[in-house]
């Protein structure tokens, strides 16, 4: 497991990370999200000690990595495997040689290395590509090799820094599935740094939102999407744009609060309140704990007392709010899009 | 009227072949020294730079300055300037031995810059891969920088060999022998057109072969 406490990083007078703390247990995937510029990459580089934190501690298996000498750090950091953005494979080494690379820095015998490389390549489904060079592999295949390389030294913590950036949705989901399998089988603690909310929703157990160097919101993914309408919650479970104006008083925003919401609520509530209900927009998904999470916008076709409506929904595990809630897509935007948006607003 | 007495074509090879051998020896020895010293120097220049593995402003500025010094003088001037040093090291100022010193002094910084450029092309995250896996600085240099930059370094090597062939011809002026000496003394001074033409043809061929061979190797190393 890894425990980060009061991690602070300053460059001169600029504070990039300001007292960040979080802990990830073995067998847990913890996502850190935030817009670009929030300090995500600096956090990643501090966790694997590529940058020395200004203050704070990083405990991996009870050992504080920030207090070690250079020499001690060299061996201790092997407890953290890193999966880099766009895989960052060495172009002149084959897939197998890339996976073997971290083992070459240790006194691991050749035969042992060969066996381990085969195991790892097999685990990520890339054994048939062992002798291919990165330029002969697709982005998803390269990232599988990157995952295998990150696991080469049997780390207890796996740091994945934007592991799916630049991959198409199908490849992304196959990489995430693999990540979840590795978490369950190898019981590694995974720190997943990403700006993609789909990624968080489909694979993370917990999520922390980084904003201007601080973690301002956190919780298990299920908890966050079911218990609040915070910006993170709305970004995680975004409501698609609805067709009707959302300011009418007959419009209600619904949020699933319990994992076991009866999917037939629409009919049963319509019957109970004796009204037709129009569904204007909605997103209902099964999340990691196996239960449902959802956000739906509905409109009642006959005037009703607000208290009555709230009670009807509450009895079915659904939280209802009259009127509209702003959409939160800021968190998820790509850096380039943000740049463009900034340029546009400046112009 | 100037009477040109050209060496008969049949006699050209007896002059040309030894000269070719001398050029090859000079360039060969110089390249050995250039690689042995220029490669570490290039790695040092890059790795002490802000983007390197062990940034060090003062060291970087000093060695960078020295490397530029070696490249700023025209070769003929450099050769004359370092005569006292040449005398000190090889105890003579003429011949192949004497040519090797200024050629190396010109070649080392040239190659160092080519190595630095080749290594600079490697994206930073690929170096991070090594560091995050617990590699030492020397291990990162050996397994990542040199491995990834090899095609670039080989391309630099052919560039450097060609430059050294050119310098070896200039060194003919201090009696270093070789093709350049032959072309100047027989072809130019004695109007021996057969020798002149032969030297030109051989030099052009060598440069083409080095460049072609170098490009082939670079291609085979690039994946």
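The values are calculated or read from the model by the stated rules, or taken from the named source; none is laboratory data. Keep in mind that what you see is a predicted model, and the values were worked out from it rather than measured. Backbone-built Cβ (ideal geometry, glycine too); neighbour counts: all protein chains shown.
What the table below lists for this structure:
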quantity	calculated
Where residue A:41 falls short, out of the listed (1) within 14 Å of chain B (Cβ to nearest Cβ); (2) touching a residue at least 40 places away in the same chain (Cβ under 8 Å); (3) buried (at least 21 other Cβ atoms within 10 Å of the Cβ)	(3)
Sole exception among (1) within 12 Å of chain B (Cβ to nearest Cβ); (2) surrounded by 20 or more Cβ atoms within 10 Å (Cβ to Cβ); (3) over 19 Å from residue A:106 (Cα atoms) for residue A:51, by number	(2)
Positions within region A:98-113 being within 20 Å of residue A:80 (Cα to Cα) and assigned to a helix (DSSP H, G or I), in sequence order	A:98, A:99, A:100, A:101, A:102, A:103, A:104, A:113
Cβ-Cβ under 8 Å pairs, at least 6 apart or on other chains, region B:83-96 side touching a residue at least 24 places away in the same chain (Cβ under 8 Å), far side part of a loop (DSSP other than H, G, I, E, B) and surrounded by 12 or more Cβ atoms within 10 Å (Cβ to Cβ)	B:94/B:175; B:94/B:176; B:95/B:175; B:95/B:176; B:95/B:177; B:96/B:176; B:96/B:177
One residue from B:180, B:214 being modelled with pLDDT under 85, surrounded by 15 or more Cβ atoms within 10 Å (Cβ to Cβ) and more than 14 Å from every other protein chain (Cβ to nearest Cβ)	B:180
Matching entry among B:50, B:18 (being in a helix (DSSP H, G or I), surrounded by fewer than 15 Cβ atoms within 10 Å (Cβ to Cβ) and either more than 13 Å from the chain's Cα centre (by Cα) or modelled with pLDDT of 95 or more (or both))	B:18
Of all residues in region A:73-91 being surrounded by fewer than 21 Cβ atoms within 10 Å (Cβ to Cβ) and assigned to a loop (DSSP other than H, G, I, E, B), the one that is modelled with the highest pLDDT	A:91
So residue B:72, is it out of contact with any strand residue (DSSP E or B) (no Cβ under 6 Å at 6 or more places or on another chain), loosely packed, with under 12 Cβ neighbours inside 10 Å and within 30 Å of residue B:190 (Cα to Cα)	no
Positions within region A:122-132 being closer than 22 Å to residue A:165 by Cα and either surrounded by fewer than 16 Cβ atoms within 10 Å (Cβ to Cβ) or touching a strand residue (DSSP E or B) at 6+ places or on another chain (Cβ under 8 Å) (or both), in sequence order	A:125
Condition broken by residue B:153, with the remaining ones in (1) modelled with pLDDT under 95; (2) over 24 Å from residue A:79 (Cβ atoms); (3) within 12 Å of chain A (Cβ to nearest Cβ) satisfied	(1)
Filter pass, residue A:259 being in contact with a strand residue (DSSP E or B) (Cβ under 8 Å, 6 or more places away or on another chain) and part of a loop (DSSP other than H, G, I, E, B)	yes
Residue check for residue A:135: surrounded by fewer than 19 Cβ atoms within 10 Å (Cβ to Cβ), within 11 Å of chain B (Cβ to nearest Cβ) and either within 25 Å of the chain's Cα centre (by Cα) or assigned to a helix (DSSP H, G or I) (or both)	yes
Among the candidates B:101, B:108, B:131, residue that is touching a helix residue (DSSP H, G or I) at 6+ places or on another chain (Cβ under 8 Å) and within 14 Å of chain A (Cβ to nearest Cβ)	B:131
Selection within region A:149-173 - within 13 Å of chain B (Cβ to nearest Cβ) and either surrounded by fewer than 19 Cβ atoms within 10 Å (Cβ to Cβ) or assigned to a helix (DSSP H, G or I) (or both)	A:149, A:150, A:154, A:165
Those residues of region B:132-165 which are assigned to a helix (DSSP H, G or I), free of Cβ contacts under 8 Å to residues at least 40 places away in the same chain and over 23 Å from the mean Cα position of the chain (by Cα), in sequence order	B:132, B:138, B:139, B:143, B:144
Close pairs (7 angstrom Cβ cut-off, 6 or more residues apart or separate chains): farther than 30 Å from residue B:10 by Cα in region B:198-223, loosely packed, with under 12 Cβ neighbours inside 10 Å anywhere	B:223/A:135
Filtered residues of region A:97-132 (kept if farther than 22 Å from residue B:134 by Cβ and within 12 Å of chain B (Cβ to nearest Cβ))	A:131, A:132
Residue, nearest to the chain's Cα centre (by Cα), within region B:119-130, restricted to residues that are crowded, with 19+ Cβ neighbours inside 10 Å and in contact (Cβ under 8 Å) with a residue 60 or more places away in the chain	B:119
Selected residue (only one of A:327, A:302 is modelled with pLDDT under 90, within 30 Å of the chain's Cα centre (by Cα) and outside any helix (DSSP H, G or I))	A:327
Residues (crowded, with 22+ Cβ neighbours inside 10 Å and at pLDDT below 85) located in region B:188-207	B:192
Restricting region A:204-223 to residues that are closer than 20 Å to residue A:239 by Cα and out of contact with any strand residue (DSSP E or B) (no Cβ under 6 Å at 6 or more places or on another chain), the residue that is surrounded by the most Cβ atoms within 10 Å (Cβ to Cβ)	A:222
Qualifying positions in region A:122-132 - under 26 Å from the mean Cα position of the chain (by Cα), part of a helix (DSSP H, G or I) and free of Cβ contacts under 8 Å to residues at least 40 places away in the same chain	A:122
Residues located in region A:56-84, provided they are out of contact with any helix residue (DSSP H, G or I) (no Cβ under 6 Å at 6 or more places or on another chain) and facing chain B (nearest Cβ under 7 Å)	A:74, A:75, A:77, A:78
Any hit, region A:56-64, residues being out of contact with any strand residue (DSSP E or B) (no Cβ under 7 Å at 6 or more places or on another chain) and either in a helix (DSSP H, G or I) or buried (at least 19 other Cβ atoms within 10 Å of the Cβ) (or both)	no
